[in-house]
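**Q** Got a structure for you, written out below as structure tokens; questions coming shortly.
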Amino acid sequence: MTGELSPIDTAKFAAARRAADIVENGMQVGLGTGSTAAWLVRCLGERVCDTGLQIKCVPTSARTATLAREVGIDVISLNEAKWLDLTIDGADEFDGDGHLIKGGGGALLWEKIVATASDRMVVIADSHKKVECLGAFPLPVELIPFGWETTKKLVEQVLITLGFEEQNSILRMNGDQNYRTDEGNHIIDLHLHRIPEPRQLASLLNQVPGVVESGLFVDTCDTVIVGFGDGGVEVRDIEKK
């Protein structure tokens, strides 16, 4: 299934395979978006085809839905599922408290809705995604198109108020066009370097009119499965504070 993989892809696959083993017959499962989540979808598809695993899955993006159907997974909407037993998703960064930055793949809104509608969220990531302090990865913030330039300025004012002197907010592009999420919204990526208080920042960003959601996932993750380049994995359960 994997062929010759780089150490990074080996780590992603190892984490995804371990997470796929958690899924039990009859579960309703949220499927994340991104390269590591794509390995998970393939692993689950293999179980569906080889062992007859019966699950219903809610994807967090159109491209995850397409891949899931291709490998034989039964895809349903969140409205049909209503609630999920488990969501498994990747992360762009995670810290020791299980706080995350997500949204590098542009699916942060659907990802957060699906994760919140689950009994449990499991994050799968290679070991390079572990950080002492969030913020090296640019923080995605999703904005509605109406008045997005004004919203962007309001976000920048919030950052100044919080003391982010070194910051840069960049509108995400898709070629020469503004990037659009599956909901038709824009994304700005905040280059903050360090986010010492992710809970505070997440709360204030979500109060800005025009902001749909931020890529800060605070108190959402229950377990992190970390993959390593040698194929090993480490499972870390997050103690909620």
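The values are calculated or read from the model by the stated rules, or taken from the named source; none is laboratory data. Values in this document were obtained by computation on a predicted structure and should not be read as measured data. Note that we place each Cβ from the backbone using ideal geometry, even for glycine, and neighbour counts take in every protein chain shown.
**Q** Within the set of pairs 6+ apart or on separate chains, which have a first residue in region 161-172 that is free of Cβ contacts under 8 Å to residues at least 12 places away in the same chain and closer than 10 Å to Leu190 by Cα, a second that is of a type in the set (Gly, Ala, Ser) and part of a strand (DSSP E or B), and C-beta atoms under 6 Å apart?
**A** none
**Q** If I go through region 106-128 residue by residue, how many of them are touching a residue at least 60 places away in the same chain (Cβ under 8 Å) and not in a strand (DSSP E or B)?
**A** Within region 106-128, residues that are touching a residue at least 60 places away in the same chain (Cβ under 8 Å) and not in a strand (DSSP E or B) number 14.
**Q** Based on what the data block shows, is Ala136 part of a loop (DSSP other than H, G, I, E, B), of a type in the set (Gly, Ala, Ser), surrounded by fewer than 20 Cβ atoms within 10 Å (Cβ to Cβ) and touching a residue at least 12 places away in the same chain (Cβ under 8 Å)?
**A** Yes; evaluated as a whole, the condition is true for this residue.
**Q** For region 192-241, which positions are in contact with a strand residue (DSSP E or B) (Cβ under 7 Å, 6 or more places away or on another chain) and surrounded by fewer than 17 Cβ atoms within 10 Å (Cβ to Cβ)?
**A** Asn206, Glu234, Val235, Arg236, Asp237
**Q** If I filter region 143-180 down to residues being assigned to a strand (DSSP E or B) and in contact with a His (Cβ under 9 Å, 6 or more places away or on another chain), which single residue comes out as surrounded by the most Cβ atoms within 10 Å (Cβ to Cβ)?
**A** Filtering region 143-180 down to residues assigned to a strand (DSSP E or B) leaves 143, 168-171, 173-174, 177-178.
Add one more test, that the residue is in contact with a His (Cβ under 9 Å, 6 or more places away or on another chain), and what stays is 143, 168-171, 178.
Numbers: Leu143: 24, Asn168: 14, Ser169: 17, Ile170: 12, Leu171: 14, Asn178: 14.
Only one residue fits best here, namely Leu143.
**Q** Among the residues of region 206-227, are any within 26 Å of Ala62 (Cβ to Cβ), free of Cβ contacts under 8 Å to residues at least 12 places away in the same chain and not hydrophobic (A, V, I, L, M, F, W, C)?
**A** yes
**Q** Any residue in region 176-198 that's more than 23 Å from Lys130 (Cα to Cα): show its pairings with residues that are modelled with pLDDT under 95 at Cβ separation under 7 Å, as long as the two are six or more apart or on different chains.
**A** Close Cβ pairs satisfying both conditions: none exist.
**Q** Quick check on region 80-90. Is at least one of its residues outside the structural domain of Pro198 (by TED's automatic domain parsing), under 11 Å from the mean Cα position of the chain (by Cα) and charged (D, E, K, R)?
**A** Checked region 80-90: at least one residue is outside the structural domain of Pro198 (by TED's automatic domain parsing), under 11 Å from the mean Cα position of the chain (by Cα) and charged (D, E, K, R).
**Q** Could I ask something else about it? Only residues that are of a type in the set (Val, Ile, Thr), in a loop (DSSP other than H, G, I, E, B) and either assigned by TED's automatic domain parsing to the domain that holds Glu93 or under 18 Å from the mean Cα position of the chain (by Cα) (or both): list them for region 190-241, please. Outline the logic, then answer.
**A** So the first thing to find is which residues in region 190-241 are of a type in the set (Val, Ile, Thr), and the list is 195, 208, 211-212, 218, 220, 223-226, 233, 235, 238.
The next check asks that each one be in a loop (DSSP other than H, G, I, E, B); those that pass are 195, 208, 218, 220, 238.
Passing the criteria: Ile195, Val218, Thr220, Ile238.
**Q** Does region 119-128 include one or more residues that are modelled with pLDDT of 95 or more, surrounded by 16 or more Cβ atoms within 10 Å (Cβ to Cβ) and more than 25 Å from Asp21 (Cα to Cα)?
**A** Taking region 119-128 and keeping what is modelled with pLDDT of 95 or more, we get 119-128.
Right, trim to surrounded by 16 or more Cβ atoms within 10 Å (Cβ to Cβ) and you get 121-127.
Still in the list and also more than 25 Å from Asp21 (Cα to Cα): none.
Within region 119-128 (the criterion being modelled with pLDDT of 95 or more, surrounded by 16 or more Cβ atoms within 10 Å (Cβ to Cβ) and more than 25 Å from Asp21 (Cα to Cα)), the answer is no, since none of the residues qualifies.
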